[in-house]
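First the structure, in the form of structure tokens, and then the observations on it.
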Amino acid sequence: MELKTAERIVRKLNTINISAQVFPEYSGRCMYGRTTVGVVIDKAYLANDAELCCPILKTSRTDSLGLGMIFY
């Protein structure tokens, strides 16, 4: 995901009261040290709402972060 895209997604999610932030250098599963930009939401149970608000998230990879989730 590109930084500008992640920033737009975070702004949009925050306007509908989903707490989100940009994670600039995320290295996910099977990335072997490579990094990418991700969008973190604080509550994983809001992932469906986030995907409805920003359909691009449906095509993103995800990882669980305990209570939160990251789309990348």
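The values are calculated or read from the model by the stated rules, or taken from the named source; none is laboratory data. No experiment lies behind these values; they were computed from the predicted model shown. Don't worry about glycine lacking a Cβ; one is built from the backbone with ideal geometry, like all the others, and counts go over all protein chains shown.
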* In this structure, is Gly28 under 17 Å from Gly66 (Cβ atoms) and in contact with a Pro (Cβ under 9 Å, 6 or more places away or on another chain)? -> no
* May I ask you to say which residue of Asp49, Asp63 is assigned to a strand (DSSP E or B), on the phi < 0 side of the Ramachandran plot and charged (D, E, K, R)? => Asp63
* When residues of the range 1-41 are limited to those that are of a type outside the set (D, E, K, R) and in contact with a Cys (Cβ under 8 Å, 6 or more places away or on another chain), the one nearest to Ile56 (Cα to Cα) -> Ile9
* Asked: Out of the range 15-40, which residues are in contact (Cβ under 8 Å) with a residue 24 or more places away in the chain, of a type in the set (Val, Ile, Thr) and part of a loop (DSSP other than H, G, I, E, B)?
  -> Ile16, Ile18
* Can you name every residue in the range 18-57 that is more than 16 Å from Leu3 (Cα to Cα), charged (D, E, K, R) and out of contact with any Phe, Trp or Tyr (no Cβ under 9 Å at 6 or more places or on another chain)? -> Arg29, Asp42, Lys43, Asp49
* Structure fact -> Going through the range 1-21 in order, the residues found to be surrounded by 18 or more Cβ atoms within 10 Å (Cβ to Cβ) and either basic (Lys, Arg) or at pLDDT 95 or above (or both) are Ala6, Ile9, Val10, Leu13, Ile18, Ala20
* Of all residues in the range 50-68, how many are in contact (Cβ under 8 Å) with a residue 12 or more places away in the chain and under 13 Å from Val10 (Cα atoms)? -> 5
